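Engineer: Below you'll find the structure I mean.
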Amino acid sequence: MEGKRKPGIYLVTDTGAEIELILADADRQETLLSKRTPAEDLVAFVNRDFSEYQRKVNALWETHPLFEPHNDVLLSEYLDFIAKALPLTEMIRELDPAAYLDVTLQAAQAQAMEDNGDPLFLSRKGAAIGQALSTPFRIQNRLRNLFEIVFAYSERDTQQERFQTLEQTWPGIIDRDYAVRFIPQQDSKSPVGTKREYHPDGLYELYLVELSLYFQQSKKRIARCENCWRYFVPRTTAETRYCDGEVNGVPCKKAGPNNKRKLEADLDPAVDTYNHLRRSLSECVKRYEDAAPWERENMVQFDGQQYNAWIVMAQEMKKRYLADEITAEEFLSAIDVFDEIPHEARKLERPDPKKTLWHQSIMQDIDFDPAREFSDMDFLDTRQENAQWTIITSEQRRRWARGGYDGLHALYGGDTPVDLSESIHDDTVSIPEEDQEIIRILRNAVQDYRETWDKDQS
């Protein structure tokens, strides 16, 4: 291409199998990033860790006096915000050069906004800069949601089936949000017109171009590792459950199968009944030991010492059952100290992942943000006698919304494995109705904010 490119991101490819990114900065100095496939670049961005950068950007946005209610805004407040905001971009310069370029170009455009006489102009100008800084993690959240619908549970689907899922969920999303623009290139190494150069307007359009190129081929596909829950590009066309990465120094291909066996055991009906009994006896001990001596006469005589002896025996029987040394009936009969549970165990089943609240929320809003919609909340279960207020954590609400689905490492890799029976919303544990209402209110509030923002900008 004759002359230097205008500032921005450029994607160059011939067959679409591999791409090169050219980053042209404000001084029109160009940086060429190494070749990769569209699938590899998409996966790298979705897996990138922007958490510390996001935390600092959000903290500045939420606490800086520039965004407090004003009748007028001081220039000193705006300058202080700029002095604190712009250096944050250095956190992502090496982490993601394309994101860094996009953020700095957007921030520069915001700084160039001309005063329109609005007494809150500086506040709005600062908000535009803050919006620019939030671009990487906002776009990453959107892409992660898209991946959740299209790639997370479709390892056995064809590329065509995956593309149909994308189109059915968000019709025309690629063509609607990015009208393809490319410049045919000619050089001595390629036939006339085979080399294409795309000029997307920012990160989101860049990844829509890559997504379009991805769906035009079938050799490379995107999958999610069942162990670490990160997305990856399998080396072969065969079904692949685990990536080549590792968590805490342990390869996913080694830890994954072991954790998978633990999951299958926890979903086993007899093991599920064992878990219910263990929790029931623990509560029984707590009630007994917390009661006054004269109250214990009418209670089940079961204290902590007896429980400790029971848990040792029960765990040994569980181990024998999982090793197929005894039957489910023998296992349950042995651990049923009060002869009160049915020895025909019920199966613990996770719901269809595509019918969970999590999945449905994303389908309704591609910008669904779990951090925004699932915070800690107080809950009172009025179905229980002597009900007391309890705190339901954001992580509990997320796991309920996901129907118990999570990476195997998250379930079994920590010091305290997750109790699946408390994570799956079945007849025993259900999603509080308040969650649905909170999500609806938040989504409407966010939509109102976006409409107001768009109106102000226009």
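Engineer: For the stretch 71-167, would you read off the P(r) tail past 16 Å as a percentage of all alpha carbon pairs?
Structural biologist: 65 percent
Engineer: If you roll a 1.4 Å probe over the stretch 252-294 with all protein chains in place, what percent of the accessible area is carbon or sulfur?
Structural biologist: 51 percent
Engineer: Ignoring ligands, DNA and RNA, how do 123, 361, 218 rank by accessible area with a 1.4 Å probe, largest first?
Structural biologist: Order by accessible area, largest first: 218, 123, 361.
Engineer: Could you give me the ³J(HN,Hα) list for the stretch 76-82, computed from phi with Karplus coefficients 6.51, -1.76, 1.60 and θ = phi - 60°, whole Hz, x at Gly and Pro?
Structural biologist: So the Karplus estimates, Gly and Pro as x, are 4, 5, 5, 5, 5, 4, 4 Hz.
Engineer: Next up: Starting from the Cα gyration tensor of the stretch 24-125, take the square roots of the eigenvalues, sort them a ≥ b ≥ c, and report rounded, prolate or oblate (rounded when a/c is under 1.5, otherwise prolate if a/b is larger than b/c, else oblate).
Structural biologist: Note, shape of the stretch 24-125 comes out prolate.
Engineer: Further, regarding this structure: Can you run the Rg to Rh ratio on the stretch 233-342? Use alpha carbon positions and the Kirkwood inverse-distance Rh.
Structural biologist: 1.17
Engineer: In the full protein assembly as shown, how much of residue 276 is accessible to a 1.4 Å probe, in Å² to the nearest 10?
Structural biologist: 50 Å²
Engineer: In addition: Jot down the radius of gyration and Dmax of the stretch 243-302, Cα atoms only, both in angstrom.
Structural biologist: Cα-based Rg and Dmax for the stretch 243-302 come out at 19.9, 61 Å.
Engineer: In the stretch 199-227, whose amide N lies under 16 Å from the spot 7 Å out along Cα-to-Cβ of residue 418? List them in ranges.
Structural biologist: Inside the label zone: 225-227.
The values are calculated or read from the model by the stated rules, or taken from the named source; none is laboratory data. In this text, all values refer to a predicted model and were calculated from it rather than measured experimentally. Backbone-built Cβ (ideal geometry, glycine too); neighbour counts: all protein chains shown. Heavy atoms of the whole protein, side chains included, go into the accessibility calculation; ligands, DNA and RNA do not. Shrake-Rupley method; radii C 1.70, N 1.55, O 1.52, S 1.80 Å.
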